[in-house]
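All remarks here apply to the structure that follows.
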Amino acid sequence: MASIKKRPNGKWRARYRDEAKKEHSRHFDRKTDAQDWLDEVTATVVTGTYADPKRGSLTFDQWWAVWSERQVWATGTTEAATTAFESVTFGSVRMRDVRPSHLEKWVKAMSQPTKTRKKGLEPSTITTRFNYVRAAFAAAVRDRVIGIDPATNIKLPRRRRAEAAMTIPEPLGVRKALEAAPKHFSGFIAVCAFAGLRLGEAAALQVSDIDFLRRTITVNRQIQGSTAETTTIEPPKYGSERTIHVPRELLTMISSHIEKFAPRGDEQWIFWNPNGDKRGLWNRNSASQAWRTTRRQVGLEAYTLHDLRHFYASGLIADNCDVVTVQRALGHSSPTITLGTYAHLWPSAEDKTRAAATSLMRTVLSAQPIAEAAKSS
């Protein structure tokens, strides 16, 4: 219900009640302005874009605090979302005043060098950060904090094709890394390179996860967190519990590592970090730092620890493993993800056609003529 009345001071008061029966009012010098305001409010109610004016006065920082507090996130996700929030350049702007231009300026700022980084962030990193912030705005629309989502149709930097973005070390480089790594860390590198484990999955391996008789490694958990203070033990990413069939040589390396470095007991962590938390766990920062130290010694500056997982996948594909086999070994939630990541590594139809024709032609050209075959017999 809405109304307009002239006040004793000559102002025109426009007021209405929202669906929660809460009254909202504003004063105007002219009656036409009061009517225009009510018409605008009525239009937002009709189109479903109505938002509480008072709630819209929250700044983005304040809304993020309210929204993020009720999100059910794993430790790693919390850290990533917090990083995204801390990079925002419009935190002090009221939610109802945030415009697409604010987000466009933020995206551009992320793509450029700063005093603390030599180059802009990768397009994939920018997209990840943007998606967290966009989720906060989408929730604000659902909660009627704002009427329109300013994060809609924001153009992001184009992501490079998988084959252009992916870096895969050469076998010789991996061997040099294994030889140069500290003895208590070389086994960690090995399970990433020869079993395709993610950093957190490797850090969370226990002795009971290794079946030396069946030659398998079972992934049951992962380590989340960047520091000793934030480290937690969580289920594997996307529910990717799995059993991986591994080479005997890898099990020999693991057995030697357990004998030299791991505490006794089936429930003990295989990879003990002397500088870790009280449980001796590696975390994202400590494992990445150990890898950076190792790669500098052998000239693998361009490769991350996660690239060893790509190295493992490329080896499976080169040995003619099908997409489902690779998917299961890597713990992807679907073959679609595997194909989207590694499709460029599989032989194309043209490659297969050429190889088949080559084989056929060589068979024909190397065949012995029938007459000569009869004489020789």
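Checking the stretch 288-300 against the condition returns no match, with no residue being over 16 Å from A202 (Cα atoms) and within 18 Å of the chain's Cα centre (by Cα).
If I filter the stretch 76-85 for residues that are surrounded by 18 or more Cβ atoms within 10 Å (Cβ to Cβ) and at pLDDT below 90, do I get at least one hit? Yes, the stretch 76-85 has at least one match.
Apart from one condition, L300 fits all of (1) outside any helix (DSSP H, G or I); (2) surrounded by fewer than 20 Cβ atoms within 10 Å (Cβ to Cβ); (3) in contact (Cβ under 8 Å) with a residue 24 or more places away in the chain; the exception is (2).
Kindly establish whether V133 is closer than 16 Å to P100 by Cβ, surrounded by 17 or more Cβ atoms within 10 Å (Cβ to Cβ) and touching a helix residue (DSSP H, G or I) at 6+ places or on another chain (Cβ under 7 Å). Yes; evaluated as a whole, the condition is true for this residue.
Within the stretch 234-261, track down each residue that is in a helix (DSSP H, G or I), surrounded by 12 or more Cβ atoms within 10 Å (Cβ to Cβ) and within 29 Å of the chain's Cα centre (by Cα). Those that are in a helix (DSSP H, G or I), surrounded by 12 or more Cβ atoms within 10 Å (Cβ to Cβ) and within 29 Å of the chain's Cα centre (by Cα): K237, L250, I254.
Residues that are assigned to a helix (DSSP H, G or I) and either touching an Asp or Glu at 6+ places or on another chain (Cβ under 6 Å) or crowded, with 16+ Cβ neighbours inside 10 Å (or both) are absent from the stretch 262-283.
The set of residues in the stretch 171-195 that are surrounded by fewer than 18 Cβ atoms within 10 Å (Cβ to Cβ) and among the basic types (K, R) comprises R175, K183. Note on the stretch 140-151: residues that are modelled with pLDDT of 95 or more and surrounded by fewer than 19 Cβ atoms within 10 Å (Cβ to Cβ) amount to 0. Mind checking which residues of the stretch 188-218 are over 25 Å from the mean Cα position of the chain (by Cα) and assigned to a helix (DSSP H, G or I)? The answer is V207, S208, D209. The single condition among (1) touching a Leu at 6+ places or on another chain (Cβ under 9 Å); (2) modelled with pLDDT of 95 or more that S101 does not satisfy is (1). Within the stretch 112-125, is there a residue that is within 23 Å of L156 (Cβ to Cβ) and modelled with pLDDT of 95 or more? Scanning the stretch 112-125 turns up no residue that is within 23 Å of L156 (Cβ to Cβ) and modelled with pLDDT of 95 or more. So, in the stretch 277-299, how many residues would count as being modelled with pLDDT under 90 and out of contact with any strand residue (DSSP E or B) (no Cβ under 9 Å at 6 or more places or on another chain)? Of the residues in the stretch 277-299, 2 are modelled with pLDDT under 90 and out of contact with any strand residue (DSSP E or B) (no Cβ under 9 Å at 6 or more places or on another chain). Checked against (1) crowded, with 18+ Cβ neighbours inside 10 Å; (2) more than 22 Å from S288 (Cα to Cα), T231 meets all criteria but (2).
Could you check how many residues of the stretch 219-228 are buried (at least 20 other Cβ atoms within 10 Å of the Cβ) and of a type in the set (S, T, N, Q)?
2
Note on the stretch 303-322: residues that are in a helix (DSSP H, G or I) and either farther than 22 Å from M253 by Cα or not assigned by TED's automatic domain parsing to the domain that holds A228 (or both) amount to 2.
The values are calculated or read from the model by the stated rules, or taken from the named source; none is laboratory data. Fair warning: this is a prediction, and the values are worked out from it, not measured in the lab. Quick reminder, even Gly has a Cβ in these numbers, built from the backbone with ideal geometry, and neighbours come from all protein chains shown.
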